Amino acid sequence: MMAGGVRRYVEDLLADRRPRRFRVRSDEDADQVRTAIALRAAGAGDDGPSEEFTAGLQQRLAASRSDAPAVPRGPTRRRFVQAAGVAAAGAAVGAGIDHLVAGPAGIAAAPEDTGTIDPTLGAWQAVVPSDQLPDGGVHAFDVGTVAGFVERTGGRLRAVSGVCTHQGCRLALQPASRELACPCHRTVFALTGTVVRSQLRTPPATLPRLPVREADGHVQVYAPPS
Amino acid sequence: MRQVRIGRRSVEENDGDRGTEVPRLRLVSAEAYSGWEEIYRDNVTRLYRTIYAKVGNRADAEDLTAEVFLTALRPLRVSASVGEVRAYLLATARTVLASHWRRTLGVQVTTLDDERVETVFGDAPTAASADAAARADAILGALPDRYRTILRLRFLEGCSVRDTADIMGITVANAKVLQHRALGAAAKVGA
């Protein structure tokens, strides 16, 4: 028997109303919602966005941009590729793109365009004071160009990228299990970077490791300068 | 000179970027856009259709499309290439859709997982709709006749329960029950 929440959701879809939210409790619920969407999407309602909507959104965007600071039309594409390539080590599309378009500072600060990707373009950056990362501790960091997690276990430090290697979604630390969960496709990584479980038929690649050291009373990771 | 891919109709180059009547030119992915308005105009319809195929209703599709552009366009550098802009829009849409499901149902009912930039923004302007139609056909094709009929009438053709009941020669109450059973069976096919 179909639960009330699903039934209402489906009726809303059929009436082309905004479907009301409810808590999906079972795979059956999710399957029925997914199927209803698939059928509905093939129906008569899909004739593209209305003029009214596209024009309205264009106005909202214009308004939102007019109070934004002017973004310099700065650096060349090549420089972008350079920065992104280093940042992501080819693994984290999300992080790379994020960084690419993230704003003037990171890109503009890149060194003169040498025309090549220089993997040594990086700097040791403090992510957490040493005394705040005890043995067994995990710390999330974001140095602008790279986001990730650093842990100390058995007296050793380890840092991994915090961006899923599948589609670039940001991973979230599950403190209880000491695992990194991707919000997008039910994929979980260990802090070593290996995949623990994944709903994907082909599990995503292991998370890239980042060089990490301890100096000047801080844990530092080696990453492109922000 | 700007390279252009021509849409369904053959047109001369669109220099002005102004005339709304001018059929859309498709930019090649290595080119850059002239401004954010062009980014918007060039991609809004496909992005909307792609999202619509994942949520199945206009209200949510409009909200999520708006969220993608409002999130993406502010920090976007116009000098990024067309391919990079589209990759960024699609990556943003993935995250926006994922958080929509987290917010509303608590599970990831649909994803933009398998969608590729080349198909979403490719030559076929209605690729998302064609995909949706194929998926619906596959589901319906695996069902018994009466299930297939009621789902087609209700979901694809948009008939009311009453009209559906009349067409099928059953009572309204029976039509409701039949619809629920049919959707349950369809969900098992699609799962």
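Candidates B:Ala87, B:Ala98, B:Ala91: the one that is closer than 26 Å to A:Arg7 by Cα and part of a helix (DSSP H, G or I) is B:Ala98.
When B:Ala98, B:Ala128, B:Ala61, B:Ala91 are checked against the criterion of being over 20 Å from A:Ala41 (Cβ atoms) and buried (at least 21 other Cβ atoms within 10 Å of the Cβ), a single residue qualifies: B:Ala91. The helices (runs of 4 or more DSSP H) located wholly in region B:125-191 that include 1 or more residues which are among the aromatic types (Phe, Trp, Tyr) and more than 18 Å from A:Tyr9 (Cα to Cα) occupy B:145-151.
Would you say B:Asp131 is closer than 30 Å to A:Gly168 by Cα, in contact (Cβ under 8 Å) with a residue 60 or more places away in the chain and not polar (S, T, N, Q)? When the stated conditions are applied, B:Asp131 passes them.
Put simply, of A:Asp47, A:Asp16 the only residue that is over 14 Å from B:Leu151 (Cβ atoms), at the interface with chain B (Cβ under 7 Å from one of its Cβ atoms), more than 30 Å from the chain's Cα centre (by Cα) and not in a helix (DSSP H, G or I) is A:Asp16.
Residues of region B:74-93 that are modelled with pLDDT of 95 or more and within 7 Å of chain A (Cβ to nearest Cβ): none at all. Looking across region B:156-175, the residues that are within 10 Å of chain A (Cβ to nearest Cβ) and in contact (Cβ under 8 Å) with a residue 12 or more places away in the chain come down to B:Leu156, B:Val161.
Has region B:138-154 got any residue that is closer than 27 Å to B:Ala93 by Cα and either more than 9 Å from chain A (Cβ to nearest Cβ) or of a type in the set (Gly, Ala, Ser) (or both)? Yes, there is a match, as at least one residue in region B:138-154 is closer than 27 Å to B:Ala93 by Cα and either more than 9 Å from chain A (Cβ to nearest Cβ) or of a type in the set (Gly, Ala, Ser) (or both). Of all residues in region A:180-226, those being assigned to a loop (DSSP other than H, G, I, E, B), under 23 Å from A:Val128 (Cβ atoms) and in contact (Cβ under 8 Å) with a residue 60 or more places away in the chain number 7. Within region A:131-165, the set of residues being touching a residue at least 60 places away in the same chain (Cβ under 8 Å), within 22 Å of B:Ala91 (Cα to Cα) and part of a loop (DSSP other than H, G, I, E, B) comprises A:Val143, A:Gly144, A:Thr145, A:Val146, A:Cys164, A:Thr165. I'd like the full set of residues that are more than 8 Å from the chain's Cα centre (by Cα) and either more than 10 Å from every other protein chain (Cβ to nearest Cβ) or part of a helix (DSSP H, G or I) (or both), limited to region B:38-58. Listed by number, the residues that qualify are B:Glu38, B:Ile39, B:Tyr40, B:Arg41, B:Asp42, B:Asn43, B:Val44, B:Thr45, B:Val55, B:Arg58. Within region A:164-186, the set of residues being modelled with pLDDT of 90 or more and surrounded by 19 or more Cβ atoms within 10 Å (Cβ to Cβ) comprises A:Leu171, A:Leu180.
The values are calculated or read from the model by the stated rules, or taken from the named source; none is laboratory data. Please read these numbers as outputs of a predicted model, since none were measured by experiment. No Cβ is skipped: glycine too gets one built from the backbone with ideal geometry, and neighbour counts run over all protein chains shown.
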